[in-house]
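The structure appears right after this line, and notes come after that.
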Amino acid sequence: MKTAFVTGATAGIGEATVRTLVASGWRCIATGRRKERLEALVDELGADKVHPAVFDVRDSEAMDAAIAGLPEEFAGIDLLVNNAGLAQGLAPAQEASLDDWHTMIDTNVTAMVVLTRKLLPTLIERKGAIIAIGSVAGNYVYPGGNVYAGSKAFVNHFTLALRADLHGTGVRVTSIEPGMVETEFTKVRTGSQEASDDLYRGADPMTGQDIAEMIKWVAELPPHLNINRLEPMPVSQDFAGFRVAREHR
Ligand code: NDP
Ligand code: 8X3
């Protein structure tokens, strides 16, 4: 049985990924800060299938303790799903909060590279795989995206760079860069359930399950195949065109 380390498994894409991988015969280490949600996953799926690792990804010592505390049967990691992340307080750069910017950089960028570096030896030893959840926001900018978009461009590009560094090791690396997915993400991003509902109204977004199925598909491909990047969007979403501000001088 193979083992996956899934960050951000208390909600949305990560939670759907744990359910989907376990249903397909994987063991999962499920991480996040909300302990009760991880415990609910263990109750639902079984302690032999899910190991809850409660820590804030920005806390490197807590991350070390979580890795050191893995039960023996979960300690050999075959798949790292770099998923935990957030958009917070998306506002024009000139109005944005520096605290929000630090939170996004610390979570989406710093924590992801730290965790990846710590798990690379076991992933190499086991000829495993890394799948990162970047975003279309890292490929196409939009107003208010600023640091979130920059952080996701980092995720997309760091992941491709890993593929180059891991050449010859047998480790597979994939960057999945989704558009709108209906999860708790938009609630965090807008700061309220109402604003989040408003953003999705009539938009027919993707679901966490849609992305989880892609993760499973990529993870279970024959070992000679590598998907470098996937960029799924709901049909309703498009990338923006240029804007022109007239008489701006
Ligand atoms: P959710 O808000 O539903 O889930 C986010 C997950 O990340 C939660 O499990 C949360 O756990 C975890 N997380 C956030 N901050 C921390 C932290 N400091 N320490 C530990 N865990 C943390 O969002 P999604 O499922 O939508 O987001 C997952 C990823 O997908 C993110 O990286 C996001 O950028 C990306 N993405 C999302 C899109 C969307 O439209 N939804 C589109 C493209 C990419 P907890 O709060 O319990 O700690
Ligand atoms: C977020 C994707 O399209 O909601 O990562 O901005 S989108």
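Miscellaneous remarks
- Here the helices (runs of 4 or more DSSP H) wholly within segment 1-76 that include at least 3 residues being at pLDDT 95 or above and of a type in the set (Val, Ile, Thr) are 12-23.
- Residues of segment 151-189 satisfying the condition of being among the polar types (S, T, N, Q) and either within 11 Å of ligand 2 (Cβ to nearest atom) or in contact with a strand residue (DSSP E or B) (Cβ under 8 Å, 6 or more places away or on another chain) (or both): Ser151, Asn156, Thr159, Thr174, Ser175, Thr183, Thr186
- Any hit, segment 210-228, residues being open to solvent by 40 Å² or more (accessible area, probe 1.4 Å), in a helix (DSSP H, G or I) and without any contact (Cβ under 8 Å) to a residue 24 or more places away in the chain: yes
- When residues of segment 159-215 are limited to those that are at pLDDT below 95 and of a type in the set (A, V, I, L, M), the one nearest to Arg19 (Cα to Cα): Val188
- Test: residue in segment 155-169 that is among the acidic types (Asp, Glu), more than 24 Å from Arg243 (Cα to Cα), assigned to a helix (DSSP H, G or I) and open to solvent by 70 Å² or more (accessible area, probe 1.4 Å): yes
- On the stretch given as segment 191-209, residues that are among the hydroxyl-bearing types (Ser, Thr, Tyr) and either near ligand 1 (Cβ under 9 Å from one of its atoms) or surrounded by 18 or more Cβ atoms within 10 Å (Cβ to Cβ) (or both) total 1.
- Scanning segment 55-74 for residues that are more than 18 Å from Val114 (Cα to Cα) and open to solvent by 20 Å² or more (accessible area, probe 1.4 Å) yields Pro71, Glu72, Glu73.
- The residues of segment 1-15 that are within 16 Å of ligand 2 (Cβ to nearest atom) and over 20 Å from Leu123 (Cβ atoms), listed by number, are Ala11, Gly12, Ile13.
- Within segment 17-31, the residues that satisfy the criterion of being of a type outside the set (S, T, N, Q) and open to solvent by 10 Å² or more (accessible area, probe 1.4 Å) are Arg19, Val22, Ala23, Gly25, Trp26, Arg27.
- Among the residues of segment 1-17, those that are touching a Phe, Trp or Tyr at 6+ places or on another chain (Cβ under 9 Å) and either free of Cβ contacts under 8 Å to residues at least 24 places away in the same chain or within 20 Å of Pro205 (Cβ to Cβ) (or both) comprise Ala11, Gly12, Ile13.
- Hey, Val244 at pLDDT 95 or above and over 22 Å from Val155 (Cα atoms) or not: no
- Residue count for segment 94-125 under the criterion of being away from ligand 2 (no atom under 16 Å from the Cβ), of a type outside the set (Ser, Thr, Tyr) and either exposed (fewer than 14 other Cβ atoms within 10 Å of the Cβ) or not in a helix (DSSP H, G or I) (or both): the result is 8.
- Per-region count, segment 219-249, residues away from ligand 1 (no atom under 15 Å from the Cβ) and either among the small types (Gly, Ala, Ser) or within 19 Å of the chain's Cα centre (by Cα) (or both): 8
- Exactly one residue among Ile211, Ile215 is within 13 Å of ligand 2 (Cβ to nearest atom) and under 18 Å from Ala4 (Cα atoms), and that residue is Ile211.
- Ser236 vs. criteria of a type in the set (Gly, Ala, Ser) and open to solvent by 60 Å² or more (accessible area, probe 1.4 Å): yes
- Residues located in segment 133-145, provided they are of a type outside the set (Gly, Ala, Ser) and buried (at least 19 other Cβ atoms within 10 Å of the Cβ): Ile133, Val136
The values are calculated or read from the model by the stated rules, or taken from the named source; none is laboratory data. Here the structure is a predicted model, which means the values were calculated and not measured. Reconstructed Cβ throughout: ideal geometry from the backbone, glycine too, with neighbour counts over all protein chains shown. When the accessible area is computed, the model is the full protein with side chains, heavy atoms only, and any ligands, DNA or RNA have been set aside. Shrake-Rupley method; radii C 1.70, N 1.55, O 1.52, S 1.80 Å.
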